[in-house]
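Each remark here refers to the structure printed beneath this line.
None of the figures in this text is laboratory data; all of them are computed from the coordinates on show. For clarity, every value in this text was computed on a predicted model and none was experimentally measured. Don't worry about glycine lacking a Cβ; one is built from the backbone with ideal geometry, like all the others, and counts go over all protein chains shown.
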Amino acid sequence: MRLDNMLLAEGVAGPEKGGGSAAAAAAAAAAGGVSPDNSIEHSDYRNKLSQIRQIYHSELEKYEQACNEFTTHVMNLLREQSRTRPVSPKEIERMVGIIHRKFSSIQMQLKQSTCEAVMILRSRFLDARRKRRNFSKQATEVLNEYFYSHLSNPYPSEEAKEELAKKCGITVSQVSNWFGNKRIRYKKNIGKFQEEANIYAVKTAVSAAQSGGDSPNTPSSAGTPRYPSEGTGSQQHPLLWGRSSWEPPLPTTSASCWNRSSQELPPQPAPLPCSLQRPLLGLE
DNA sequence: AGACATGATTTCTA
DNA sequence: TAGAAATCATGTCT
């Protein structure tokens with residue numbers, strides 16, 4: 001029964017019209033992404049689902065036919081036997097019951113394997129990792145601008161995340177993912193990001209100079225040359241992220257760690273690891 | 001084809 | 001429960 005329900009829900013069993021499209025739409029919605037080529041993948045999903053559906057129905061038909069044929073065959077046999085021995089209606093009923101049970105268990109297997117096929121298709125369709133798309137250049141730019149102009153505390157608030165998400169045309173959780181990835185990758189390899197940081201520092205500085213104020217997305221904080229001083233007033237590199245005392249794997253360059261607690265409290269001028277004593281971003 | 005980049009997921013922790 | 005860290009899976013570049 002559960003298998004039946006599932007096949008019905010997936011549009012494999014049940015009426016042909018629109019079969020699967022609802023499920024595909026639901027799957028697409030669950031996937032969360034609003035990719036431009038969604039319709040392509042959507043139709044791909046539908047095609048595959050209708051393939052499964054076709055196989056399922058043709059197999060089902062075959063089984064039903066075979067079941068009927070076998071039943072009549074057995075009935076004929078019993079009829080023949082009734083000439084030589086008494087065959088009660090009860091016996092006939094029993095035989096038919098056995099045959100039907102056998103065939104329904106075969107049908108069950110068919111349903112089960114169809115369900116599996118649908119699940120695999122669905123998981124492929126839904127698995128966001130499989131359909132990962134890089135963000136647009138403009139979106140990455142917006143995120144990077146925010147990140148580098150908040151280097152001292154790259155933890156956007158919920159509102160900031162929402163605003164960034166809106167600007168970038170992505171979801172809030174994608175923004176969170178992006179910042180999570182960015183923070184960890186930045187910390188792991190600051191050297192590699194210095195050039196990028198410098199570029200955004202210049203950008204922010206230029207746009208600040210042009211607008212004669214803060215850049216629109218960095219209302220309260222300073223851009224990179226002005227950057228890390230967000231709240232600290234310190235000229236030291238105040239990067240102190242990381243909820244636990246994070247130690248850089250290679251304390252060669254101006255390593256840093258962020259402190260989650262620094263989100264709530266204005267960053268303390270405080271105990272920077274010696275590795276933070278040098279200015280960051282190759283601006284020394 | 002392989003290396004690297006990057007978005008998403010999983011696991012763990014405070 | 002948000003974030004760190006590790007890892008996965010795909011995209012992109014050479």
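Of A:Lys166/A:Lys203; A:Lys102/A:Lys131; A:Lys48/A:Lys137; A:Lys48/A:Lys188, which ones are farther than 31 Å apart at the Cα?
A:Lys102/A:Lys131; A:Lys48/A:Lys137; A:Lys48/A:Lys188
Subtracting the Cα-Cα distance from 0.36 nm times the residue separation, let me have the gained length for A:Ile55 to A:Ser88 in nm, one decimal. Before the final figure, lay out each step's value.
Details: separation 33, 0.36 × 33 = 11.88 nm, distance 3.95 nm.
That works out to 7.9 nm of additional length.
What's the ranking of A:74-87, A:137-150, A:176-189 by average number of surrounding C-beta atoms within 10 Å, highest first?
Most protected by this proxy first, the peptides run A:137-150, A:176-189, A:74-87.
Could you please rank A:Val172, A:Val118, placing first whichever residue has the fewest other Cβ atoms within 10 Å of its Cβ?
Fewest-to-most Cβ neighbours within 10 Å comes out as A:Val172, A:Val118.
Efficiency by 1/(1 + (r/R0)^6): what FRET value for A:Arg132 and A:Glu158, r their Cβ-Cβ distance, R0 = 25 Å, to the nearest 0.05? Write out the running numbers ahead of the final one.
Working: r = 25 Å, r/R0 = 0.98.
My answer for the efficiency is 0.55.
Take A:Ala66 and A:Met108, extend 7 Å from each Cα along the Cα→Cβ direction, and tell me the distance between the two endpoints in nm.
My value for the distance between the label points is 1.7 nm.
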